[in-house]
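These notes concern the structure reproduced below.
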Amino acid sequence: MNTLRQLPNSALALLLCVLLGSVAGAFAEPFGDAAYAVGQIYISIVTMASVPLLVVAMFFGLRQLMGLPRPGLRIGTMLMLAIALVAVCAFAGTLIGVAAAPGLHMSDAAHAQLGRLILSSSGDAGEVRMALFAPSAPGATEHAWALTNVVPDNFYGALASGRALGILTCTILFGMAFAALSSEQSKVLNGIFESIYRTLEALIDYANLLLPVLVFGTAAHWVAHMPREVLSAMSGFISLFLISTAVFSCIALAAIAVRTRVPFVRAVAGLRASMLVGFTSGTATAAIPHTIEAMSAKLGCSRGVAELVVPFGAVFLRAGSALYFALVATFVANLYGHSLGVGDCAMIGAAATLAAFASAGRNGVSGIAAAGIVLSLLRLPTEAALVLFVAIDLICDGPRNLLSVLSTCAVVALASAGLQPDRAAAPSQPRMAYGESIVVRLAFTRAQLAMAAGCALVAASLIVVMGIGVGAR
């Protein structure tokens, strides 16, 4: 069992799964499709656990944070840092897209290939459908819809429909009220939340055993179904996004190393498991247990801060998505010959920030739909353009999640300033892994051993005498 637990944390094992999956996709497509289906089950399990984990972790984390120095200032700092990091990635992605101009100097053959892909995916591309009985005030309806998404009138309805922003609002309000209660009033509920929190962590940890199967199946699916012409035509955008993500990830790792006062190499080694799981799983939620353990036990940040920020950041701190949406907007604008001014760049940065938060709780292709917020503001063909990015999502999903995970770790490191490092107490209070037990050592003096031997001798004699008596009768 311990060997299986090490596989999702081994870069060599995951690389081997990629190679084997590529071979299966080329020569044994049904086998690869079966592994891909199992991988989708893994993603469903992790997504299922993400929302309740977020809710319970917010309750429990806020309760713990109230015992730290200056809790209100620290919570405000966390929120501001999270918003600032997403906005920085969005505006930086806009500037990178304008400077590099992906899609501007594309060949005629590449343009023709992308056009054929859009037409083949859109079906009845020539039809334009109009509603005869449209709402009289569509603008008001849309604003009301957006308001109920942020401040829902039914928390259970928000949970059932998966409206992540509404879930966040209700969770923060309830969590702050729960944190304000005295320890006597919330003792029972605090124990329940702790048990649920650890159970969901264990569920994700066990589900990560399927991570090599997901990597194998994803590689096979990509090799079997990725159109080579589309990959060639979108190579400029893909390479720009991968390079930008790598640069921002290194900056985040450097900030974590400086803030935790450890060498850069040690920071990378401590976060290795989190980065591997986040990069290969297709969801930032799968890396929650590894990230909390790495930031607290290995890098010395406050565990209370980590347990509050990491689940929250895994769902809502979408720095990688903000960078991606900004580059998508600039690429589509260049593809359709739409020149970008200063006002357009500012609008793309702000819209990409909003779209990143709007995509909270969504992974993979479902999260790409939020890019329509940015494209619609530029009056670009949203549905047709998104077809191109759905085709390459398997390549871009991992780097997006990796940058989001490292951005969350950077917030934990910055928000833990001035708190007692957790790694100092690690040797005296070791954290047991799942399935391990604590060894108890007993020490006796000679007098105690003599007394114990005498008692055992007397007990044995009584048993023998009783046996003789029963036999004599």
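The values are calculated or read from the model by the stated rules, or taken from the named source; none is laboratory data. Just so it is clear, the model here is predicted, and its values are computed rather than measured. Cβ sites come from the backbone with ideal geometry, for glycine too, and all protein chains shown count toward neighbours.
Per-residue answers, yes or no, for (1) at pLDDT below 85; (2) of a type outside the set (A, V, I, L, M, F, W, C):
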site: 359; (1), (2): yes, yes
site: 364; (1), (2): yes, yes
site: 368; (1), (2): yes, no
site: 372; (1), (2): yes, yes
site: 380; (1), (2): yes, no
site: 385; (1), (2): yes, no
site: 394; (1), (2): yes, no
site: 400; (1), (2): no, yes
site: 419; (1), (2): yes, no
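Checking the stated criteria, residue 256 turns out not to satisfy the condition of being in the same structural domain as residue 102 (by TED's automatic domain parsing) and under 30 Å from residue 111 (Cα atoms). Checked against (1) in contact with a helix residue (DSSP H, G or I) (Cβ under 7 Å, 6 or more places away or on another chain); (2) closer than 19 Å to residue 310 by Cα, residue 178 passes all but a single condition, namely (2). Of the residues contained in segment 235-253, none is found to be under 27 Å from residue 57 (Cα atoms), in contact with a His (Cβ under 9 Å, 6 or more places away or on another chain) and either in the same structural domain as residue 101 (by TED's automatic domain parsing) or not in a helix (DSSP H, G or I) (or both). The set of residues from segment 51-89 being surrounded by fewer than 23 Cβ atoms within 10 Å (Cβ to Cβ), within 21 Å of residue 318 (Cα to Cα) and among the small types (Gly, Ala, Ser) comprises 76, 84, 87. Applying the condition of being among the hydroxyl-bearing types (Ser, Thr, Tyr) and free of Cβ contacts under 8 Å to residues at least 12 places away in the same chain to segment 185-200 and asking which residue is nearest to residue 49 (Cα to Cα) yields 199. Residues that are modelled with pLDDT under 80 and within 23 Å of residue 328 (Cα to Cα) occur at least once in segment 233-252.
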